[in-house]
Amino acid sequence: MTRFLVNHSPALLLVAVLIGFSIGSPRFLTPQNAVNLLTQGASATILAAGMTWVLVTSGVDLSAGSLMFLVAAACGKMLQSDVEPLMAAVAAAAIGPLCGVAHGMLIAYAGASPFIVTLASLFLLRGAGLWFSRTRAMNLPEAFSRWGAEKLLGVPLPVWVAGVVVLVLYWLQTHTAFGRQCYAVGYDPAAARKAGVHVRAALMKTYALSGACAAIAALTALTQLGAVSPTFGKDREFDAIAAAVLGGASLFGGRGNVFPGAVIGAMTVASVFNGLNVMNANPYVYPLITAAVVFLAMLFDGLRRRQLVQSARTMRWNVEGAR
Amino acid sequence: MNPLLECRKIRKAFAGVRVLKDVDLQLASGQVLGLVGENGAGKSTMMNILGGVLPADDGAMLLSGTPYAPRNPAQAAAAGVRIVHQELNLFPNLSVAENLFLDRIPRAPWGIRRTTLSNQSREILRQVNLDRDPWTPVAQLSTGERQLVEIAKALGAGAKLIVFDEPTTSLTQPEAARLFAIIDNLRGRGLGVIYISHQLDDVLRLANDVLVLRDGVRQACGPAQAFTIPLLIQQMIGRELDHVFPERRAAIGEEIVLQLRNVSRRGVVDDVSLEVRSGEILGIAGMMGAGRSELARLAFGLDPLDAGTVQLGGDMLAVPTPARTVKKGVALITEDRRDDGLLLNASVDDNMLLASWRDHACAGWLRRRAAKRAAAAMADSLKIGGALDRPVVQLSGGNQQKAIFARWLLRKPRCLILDEPTRGVDVGAKDEIYRLIRRLTDAGTAILLISSEIEELLGLADRVAVMRAGRMVGEFARAEFDRERVLACALGQEALA
């Protein structure tokens, strides 16, 4: 019973949150709000998908929010100089994987810790973005922000983008050797190397993917907001980590998946914020709720980890007398 | 006939201690070689050399007639030598198929060739009689099934020689029977198998030939039919006594310092009771995995008890924790100095003083100078040479061990738990550690001594208790000390003693 609850905790928690807000407010469970929720959750889902991947390899990407800001600032700057919107978006998006590759190099080849590398990047990228944008907010032309409201087959464009990103990452994760090897890398890098896995290449690709996700998430959010503010993307990496862990990823690596895990986690976080909004909750309550969500995520991670440790107890690697 | 594996005069020493002395070994295809010996006889070292974990200092190996000198496990595997370790090397978070083919997953432009992977996995799993869906996560398999996956992995990679290291320790009876059938099958298919085990009856049943190692020397080798269990035990023991153990100078005290009653921890320690008096040494004998170190951890409070009580100097500890037991004057010195004891990059004297800063504080104010003086005096009396401000990692194994002893001597412990205190230290340092232990008991410290060297136990202890599979299975008083009987008891062959 406990095992069932722990194993299915992500989905059960999402259902509980949805039911809770539906009781709390009659305006929560309406078709209109459902579309809102999906649209608002689109960029968070993309970011959580990338973060899940990094967590699976037992790393973390703290720079995601700052990278979002840098991409947004670059895009805004180009739009202000009358660059074609599509061109601007593509050029700005390229910054994401480039930064990701830089992180990957430092982590995989220089052997730096992911926490330190991406923490440095958190400050560096935001600083670069602020310098770039002269710390002023930028309003974006109508031709760009229109995309956020565009619909295809009745579904808003941001939801399509999130769907495609999730689909691609899901395929990479479950249907390619690279994806499967990432689980081995996260569980025990030394053992993975002994088993013939190219650990460094896997880490490089992982951080490049995470950077690409941050860039796409930035553009998706940008089309909805229509403006770049100096606080754009701030603390989003923590929401993404919370979402990934709520969705079943482990901070200790080797566990988690993009679909359904990261999607469920991101939708849970998005539902909480949307629900509070619909209920007109006191704004001072928000940080408390965020804290509660993060705490719950860590609690689940701890419980799942204990289970994994129990099942792996007999599998420790220890060579008697080798010392 | 050309043997599959031939080792000639393999030598290996660790920090000057010779653990393999000119060992010869031969194995033909389609044969099983049983490798037996006491703890520390050199079995594991031999296996690590075969598997490319360690290089040999000297000697030559030939695999199918060609020189074989693997520099790492990957090279050994590529040459067709696989080791199935007691603790398996699988990823529980991946499926069976993914574990089998992790480094060579069949690819296609659209991703993994799942059907190919499934079929190839099924094919290999059939060879080890494991009827499981290849997409089952390894976490859901039993230990026995995981072992089969490990064997399947070796077969899939084209192994010619498979080494099993204590494979039955964590298996149930039927699982072990299934493993034996598979080993028979491997032999039938012309693979070579080296089977290392303390289960002597299994070895005699499975092996074509048996090789007995004793103190790193090839003691006996011959067809399994030529051996019986008592004969094997006789060959395993009887190392020459190269130490003079210091005599006790003070009598054993009256006070019971450490008392365990019906202590259990699921899966490792089962209903163990013991008591140690002040100035007494209680030795614990047993084979690897008998639960001795786990018992020490329970007594010290490192792991929670499932049942039973720990009593220290007459005070019952409901929930023992290291903080509480240390306060009662207990100290634990483990075999793994690097992991459990020393702060490798801290200085020698800081390491020595770690547990006794409080004794050198005056109203909360640390008297560093006095503390350092005390450490220096202690280092002097233990003959730890050199400057005390260099990092402890620069000391030899023996001196590192002495630094840990110094830490607890400064605390003046009432009860000391020693887990393999002389593993990996050279002969000279061993003698000094023996003298230290004696000095402590003369001062009234109660000592629980865990050791794999029966000589050490018989030379120092006042009583020796024997553990097997988590239980206390025998106790010998000093008058009844007998190496053969203690070893037979530890191996579960009391009837023969």
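Expressed in units of 2.2 N^0.38 Å, where N is the residue count, the Cα radius of gyration of chain A is 1.01. Averaged over the residues of peptide B:89-101, the number of Cβ atoms from other protein chains lying within 10 Å of each residue's Cβ is 5. Computed with the Debye formula from one identical point scatterer per Cα of region A:1-131, without solvent, the log10 of I(q)/I(0) at q = 0.09, 0.19 Å⁻¹ comes to -0.42, -1.07.
Work out the charge dipole of the protein assembly as shown with +1 on the Cβ of Lys and Arg and -1 on the Cβ of Asp and Glu about the Cα centre, then indicate which of B:Gly283, A:Leu122, B:Val138 is farthest towards its positive end. So the residue furthest toward the plus end is A:Leu122. With all protein chains in place and a 1.4 Å probe, the accessible surface of the protein assembly as shown carries 57 percent carbon and sulfur. Diffusion coefficient (Stokes-Einstein, Kirkwood radius over C-alpha pairs, 25 °C, 0.890 mPa s) for region B:66-127: 178 µm²/s, rounded to a whole number. With the helix formula -39500 (n - 2.57) applied to DSSP H stretches of n ≥ 4, chain A reaches a computed 222 nm mean residue ellipticity of -23500 deg cm²/dmol. Find the centroid of the Cα atoms in region A:1-65 and in region B:126-169, then give the distance between the two in whole Å. If we compute the Cα centre of each part, the gap is 38 Å. Shape analysis of region A:163-278 yields a ratio of the Cα radius of gyration to the Kirkwood radius, Rg/Rh, of 1.02.
Summarised in one figure, the compactness ratio Rg/Rh of the protein assembly as shown, Cα atoms and Kirkwood Rh, is 1.04. Three semi-axes describe the equivalent ellipsoid of chain B; taken as square roots of 5 times the Cα gyration tensor eigenvalues and ordered largest first, they are 43, 26, 24 Å. Between the alpha-carbon centres of region A:97-167 and region B:63-89 there is a gap of 46 Å. With K and R counted +1 and D and E -1, the other residues having a Cβ less than 11 Å from that of A:Ala242 yield a net charge of -3.
Sorted largest first, the principal axis extents computed over the alpha-carbon atoms of region B:170-260 equal 63, 33, 19 Å.
The base-10 log of I(q)/I(0) for region B:1-78, evaluated at q = 0.16, 0.20, 0.23 Å⁻¹, reads -0.58, -0.91, -1.18 [Debye formula, identical scatterers on Cα atoms, solvent excluded]. When region B:147-224 is described by a simple charge dipole with +1 on each Lys and Arg Cβ and -1 on each Asp and Glu Cβ, the residue from B:Leu179, B:Thr169, B:Gly156 located farthest towards its positive end is B:Gly156. Considering helices alone, the calculated mean residue ellipticity of chain B at 222 nm is -9500 deg cm²/dmol, with DSSP H runs of length four and up weighted by -39500 (n - 2.57) and normalised per residue.
As an exercise, use a Förster radius of 35 Å and the Cβ-Cβ distance of B:Arg249 and B:Asp303 to find the FRET efficiency, rounded to the nearest 0.05. After rounding, the FRET efficiency stands at 0.50.
Convex hull volume per residue, computed on the Cα atoms of region A:62-136, equals 70 Å³. Kindly state, to the nearest 0.05, the FRET efficiency for A:Ala110 paired with A:Trp131, given R0 = 30 Å and r defined as their beta-carbon distance. With a Förster radius of 30 Å, E is 0.75. Can you work out D for region B:3-237 in µm² s⁻¹ from Stokes-Einstein, where Rh is the Kirkwood radius over C-alpha pairs, the temperature is 20 °C and the viscosity is 1.002 mPa s? It comes out at roughly 116 µm²/s.
Rg ratio for region B:46-181: its Cα radius of gyration over 2.2 N^0.38 Å, N being its residue count, equals 1.12.
Relative to the Cα centre, the charge distribution of chain A, modelled as +1 at Lys and Arg Cβ and -1 at Asp and Glu Cβ, gives a dipole magnitude of about 800 debye.
Averaged over its residues, region A:2-309 has an accessible area of 45 Å² per residue, based on protein heavy atoms and a 1.4 Å probe.
Within region B:375-497, the proportion of Cα pairs with more than 18 Å between them is 57 percent. Chains B and A together bury roughly 3000 Å² of accessible surface, counting both sides and using a 1.4 Å probe on protein heavy atoms.
What is the spin-label model distance, in nm, from B:Ala13 to A:Tyr284 if the labels are put 7 Å beyond Cα along the C-beta direction? Simple spin-label model gives 7.5 nm for this pair.
In this calculation the C-beta distance from B:Met316 to B:Ala181 is compared with R0 = 41 Å, giving a FRET efficiency of 0.20. The share of alpha-carbon pairs in region B:288-396 lying farther apart than 20 Å comes to 54%. For peptide B:68-74, the mean count of partner chain Cβ atoms within 10 Å of a residue's Cβ comes to 1.
The values are calculated or read from the model by the stated rules, or taken from the named source; none is laboratory data. Not measured: the values here are computed from a predicted model. When we count neighbours, we look across all protein chains shown, and the Cβ atoms used for this are built from the backbone with ideal geometry, even at glycine. The accessibility values were calculated without ligands, DNA or RNA, using every heavy atom of the protein model including side chains. Shrake-Rupley method; radii C 1.70, N 1.55, O 1.52, S 1.80 Å.
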